[in-house]
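Asks: Okay, handing you the structure first.
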Amino acid sequence: MTRSVPVDPSSRFTTHCDLSAHNVSCERDDRLLFEDLNLSVKKGDLIQLVGPNGAGKTTLLRLMAGLNQDFEGEVRWCDENIQECFQDYARQRLYIGHLSAIKKVLTPLENLRWFVSSWPEVKEDDLWQALEEVTLAGYEDVPCQQLSAGQQRRVALARLLVTPTPLWILDEPFTALDKAGVDWLEGQLAKHVEFGGSVLITSHHALNDIPALRQIELGMHK
Amino acid sequence: MSLVVATIKRDLVIAARNPGEWLNPLMFFLMVLALFPLAVDPDPKFLAKIAAGVVWVAALLATLLSLDALFKADVEDGTLEQWLASGESLYAMALGKVFVHWCISGLPLTLVAPLLALMMNLPEEAYSALFFSLLLGTPILSLLGAVGAALTAGVRSGGLLLSLVILPLYIPILIFGASAVYHAGIEMEYAGQLGFLASFLCIAMTLTPFAVAGALKLNLSR
Amino acid sequence: MWEALKRLYHRMGSPKWFYEISARWLPWFAIPAALCMIVGTVWGLAFAPADYQQGNSFRIIYIHVPAAILAQSAYAMMAIAGAIFLIWRMKMAAWVAASIAPIGASFCFIALMTGAIWGKPTWGTWWVWDARLTSMLLLLFLYFGVMALQKAMDTEDTAAKAGAILSLVGLVNIPIIKYSVEWWNTLHQPATLKLTEESTMAMDMLIPLLIMIVGFYLLFATLIFMRTRNQVLWHERKKNWVKKLIQAQAER
């Protein structure tokens, strides 16, 4: 996992918009998760949402990603409501949920191909290289059902290498990864923000080594 | 649009690797047909009289059976989340999914039904009517069924519920489809019935994707 | 005018306002409902002339026809309430829709039962695949589908939305289903005796029927108000105004 990223990432993001939440409140089943929350993710930010189970981390992540419209307040991308510029926003951010959307009968390569189909500029070679980088070389043609949970997670995470988006929104990406995988992913996060990208992440994993890291604590409402 | 095309391709590949997906409804169709002579009367004259209705009922049930799986896997493995995240129109995605479903259920049924109708002693004159009524009718079954499949995708053991929800909506198709075949069998004009099926198909094709898209959004797990 | 409507709409969206105002409205529906139904029943059963073909057995129309009309319009109302909920996210509309489903299904069931009872003296069998009875049966299936779907969902919000989507799909389908069933029926020997022929009905048969229909509508409104009030209390049970209300009741 020491190989470098195929494309030089510093040249990747010429422009970068801010993602921001304005006075966002959300309740689930009569329980207030958060109220009047303000949050902005700027160029070079690595923001980790922390808090106990049920604090609303995933809910906040999803509504920032535009998957959930059931809330009060506003989420903006480039100072525009994300629902109004959703097409554009969707191309600029990568969302990987804790469900990996891997189809088990397909090979890692086929899965990856589907993932990047919204970005026609991604080349086939990049996919092979990305799979090699996540140590799945030689598994390109093996159906994913024969891979371990950790390997399947790596297939999903290989998207980080090939999708040319400045903003990453990741929900518990460290799940099922081994030590080497964790180190690799931490390295990727650090590199991404260093090169001018930004990351919004939920994780119970401590990300202490990355200087750009900011933690936001949820679950203060009882 | 590219994600829709990629999804259609991907689902077709999955169906090709899981032949059960399209073979099981066909076998079910065959078995249901075999029940009628056994349960009611094997007399060829009697069979010829009920053949039109029986073949249509069996085709309808076989379609219904295959619908349960239409969105279930996509909801459970996170594929649905990725559709929503992609910013592609869910309307187009719904049409794409229905197209795939028709390719692996309605189309094989349409091709096989005339062969199996031999066993029911269907009058010779009715074969083209059977083929064309199924060709026009099975896509409507898939379209309407997709609404039910999307509504029940997140429900445990949703299969039975799906039937409850969708069967009443299938009645008009059953009436006109079976009637076209029956009338052809007694050498009467059946173009009118096919015309009705064609217009239902147009209505269903324009309206049901809205309902499917709306229903799919309900399945985002929290 | 428009402003007044808008104000009414916003007020309707407030559960507390609805709960208070409906308490005052309720008698204005319940009492006329009872009056209409008593007058209509007595008139229809005792004073309206017997039918020259069907004799006294026709008198069941005073329940059958209003129930059938209501079963159909209730479905439309449920779908419209569902649409209001989907479009404007007005929770009150979802609760109204949820209240309508079982009531509409009950009216549908009453229409079917009375139709079958009527069928016995008229056709000599309990059940005939007559166009009206068949489409009423299919309507009952549609109600069952909506209710089963609502029950199966794990959160109230998804239950309401799923029910609303399905009832809208059903609403678009009802005319198609009705038309196909009628078309199918004319194909397979039409019934020898039509159940109802309103156009040829004598005035003194028709007036009690109209009174019964009005009575059924008022009864329906009363039931909806009562059920929706229950829904309001249940959904707002954690709100202060409901807690105060319960306290006030307890102290009394």
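The values are calculated or read from the model by the stated rules, or taken from the named source; none is laboratory data. The structure displayed is predicted, hence computed values, not measured ones. All Cβ positions, even for glycine, are placed from backbone atoms using ideal geometry, and neighbour counts span all protein chains on display. Side chains included, ligands, DNA and RNA excluded: accessible areas come from the protein's heavy atoms. Shrake-Rupley method; radii C 1.70, N 1.55, O 1.52, S 1.80 Å.
Asks: Dipole of region B:30-92, Cα-centred, from +1 at each Lys and Arg C-beta and -1 at each Asp and Glu C-beta, to the nearest 20 debye?
Replies: With Lys and Arg at +1 and Asp and Glu at -1, about 500 debye.
Asks: Within 10 Å of each Cβ in C:146-156, how many Cβ atoms from other chains are there, averaged over the peptide?
Replies: If you average over the peptide's residues, the count of other-chain Cβ atoms is 4.
Asks: Consider all pairwise Cα distances in chain A and report the whole-number % of them above 29 Å.
Replies: 25 percent
Asks: Keeping every protein chain in place, order A:Thr175, C:Thr222 by accessible area at 1.4 Å, biggest value first, i.e. largest first.
Replies: Largest accessible area first, the list is A:Thr175, C:Thr222.
Asks: Given the DSSP H assignment, sum -39500 (n - 2.57) over each helix run of at least 4 residues in chain A and divide by its residue total; what's the result at 222 nm in deg cm²/dmol, nearest 500?
Replies: The helix-only estimate for chain A comes to -8000 deg cm²/dmol at 222 nm.
Asks: Tell me which DSSP H helices of chain C clear both cut-offs, 24 Å or more of axial length from alpha-carbon atoms and a mean Kyte-Doolittle hydropathy of at least 1.0.
Replies: Span-like helices, by this rule, are C:61-88, C:91-123, C:131-152, C:203-235.
Asks: At R0 = 51 Å, how high is the FRET efficiency between A:Glu72 and C:Ser57 if r is their beta carbon distance? Nearest 0.05 is fine.
Replies: With a Förster radius of 51 Å, E is 0.25.
Asks: May I ask for log10 I(q)/I(0) of the protein assembly as shown at q = 0.05, 0.10 Å⁻¹, from a Debye sum over the Cα atoms as equal point scatterers with solvent left out?
Replies: -0.32, -1.07
Asks: For region A:69-78, what does the Karplus curve 6.51 cos²θ - 1.76 cosθ + 1.60, with θ = phi - 60°, yield as ³J(HN,Hα) per residue in whole Hz, taken in order and with x for Gly and Pro?
Replies: 10, 8, 7, 9, x, 8, 10, 10, 10, 6
Asks: Oh, and also: Counting Lys and Arg as +1 and Asp and Glu as -1, each charge on the Cβ, what is the dipole of the protein assembly as shown about the Cα centre in debye, to the nearest 20?
Replies: I would put it at about 1920 debye.
Asks: Using modelled amide H (1.01 Å from N, peptide plane; none on Pro or chain starts), what sits under 5 Å from the amide H of A:Tyr95, excluding residues fewer than 5 places away?
Replies: Residues meeting the criterion, in which the H sits 1.01 Å from N, are A:Ile169.
Asks: Once both axes come from the Cα atoms, what is the angle between helix B:158-185 and the longest principal axis of chain B, in degrees from 0 to 90, rounded to 10?
Replies: Once rounded, one gets 40 degrees.
Asks: Please list 3J(HN,Hα) in residue order for region B:127-143, calculated via the Karplus relation 6.51 cos²θ - 1.76 cosθ + 1.60 where θ = phi - 60°; whole Hz, with x for glycine and proline.
Replies: 5, 5, 4, 4, 4, 6, 5, 5, 4, 7, x, 4, x, 5, 4, 5, 5
Asks: So for A:Ile201, C:Ile63, A:Ile216, what's the accessible-area order with a 1.4 Å probe, most first?
Replies: Ranked list, largest accessible area first: C:Ile63, A:Ile216, A:Ile201.
Asks: Ok, one more. Could you please state how large a percent of the accessible area of region B:2-218 is carbon and sulfur, counting protein chains only and using a 1.4 Å probe?
Replies: Summing carbon and sulfur atoms, their accessible area is 74 percent of the total for region B:2-218.
Asks: Using 10 Å bins from zero, what percent of all Cα-Cα pairs in chain C falls into each bin?
Replies: Once binned at 10 Å, the Cα pair distances of chain C give 7, 25, 30, 22, 11, 3, 0.
Asks: Average partner chain C-beta neighbours within 10 Å, per residue of B:85-94?
Replies: The mean count of partner-chain Cβ atoms within 10 Å per residue comes to 4.
Asks: What is the distance in Å between the Cα centres of region B:61-98 and region A:35-69?
Replies: 27 Å
Asks: If you don't mind, another one. Taking C-beta distances below 4.7 angstrom as the pairing criterion, name the unpartnered cysteines of the protein assembly as shown, in sequence order.
Replies: Within the protein assembly as shown, the cysteines lacking a partner Cβ under 4.7 Å are A:Cys26, A:Cys85, A:Cys144, B:Cys103, B:Cys202, C:Cys36, C:Cys108.
Asks: Count of lysine pairs in region B:2-218 with Cα atoms under 20 Å apart, counting only pairs 8 or more residues apart in sequence or on different chains?
Replies: Counting lysine pairs in region B:2-218 gives 5.
Asks: Using only Cα atoms, what is the ratio of the radius of gyration of chain B to 2.2 N^0.38 Å?
Replies: Normalised by 2.2 N^0.38 Å, the Cα Rg of chain B equals 1.04.
Asks: Only loop residues by DSSP count here, and only those with at most 16 other Cβ atoms within 10 Å; note down the trypsin sites (Lys or Arg not before Pro) in region C:69-178 that meet that.
Replies: C:Arg89
Asks: For C:Ala202 and C:Ile87 in the same chain, what is the full-extension length gain: residue separation times 0.36 nm, less their Cα-Cα distance, in nm?
Replies: Extra length from C:Ala202 to C:Ile87 when fully extended: 36.9 nm.
Asks: If you fit an axis through the alpha-carbon atoms of helix B:2-17 and take the longest principal axis of the Cα set of chain B, what angle between them do you get, 0 to 90°, nearest 10?
Replies: With rounding to tens, the tilt is 50 degrees.
Asks: How large is the dipole of region B:2-218 about the Cα centre if only Lys and Arg carry +1 and Asp and Glu carry -1, each at its Cβ, rounded to the nearest 20 debye?
Replies: 320 debye
Asks: Report relative contact order for region A:16-216 in percent, whole number only (criteria: Cα-Cα under 8 Å, sequence separation at least 6).
Replies: It rounds to 29 percent for region A:16-216.
Asks: Non-local amide H neighbours of A:Phe34 (under 5 Å, H modeled in plane, Pro and chain starts lacking H): which ones?
Replies: Correct list: A:Cys26.
Asks: Roughly how many whole Å is it from the C-alpha centroid of region B:102-158 to that of region A:78-131?
Replies: After rounding, the separation between the Cα centres reads 34 Å.
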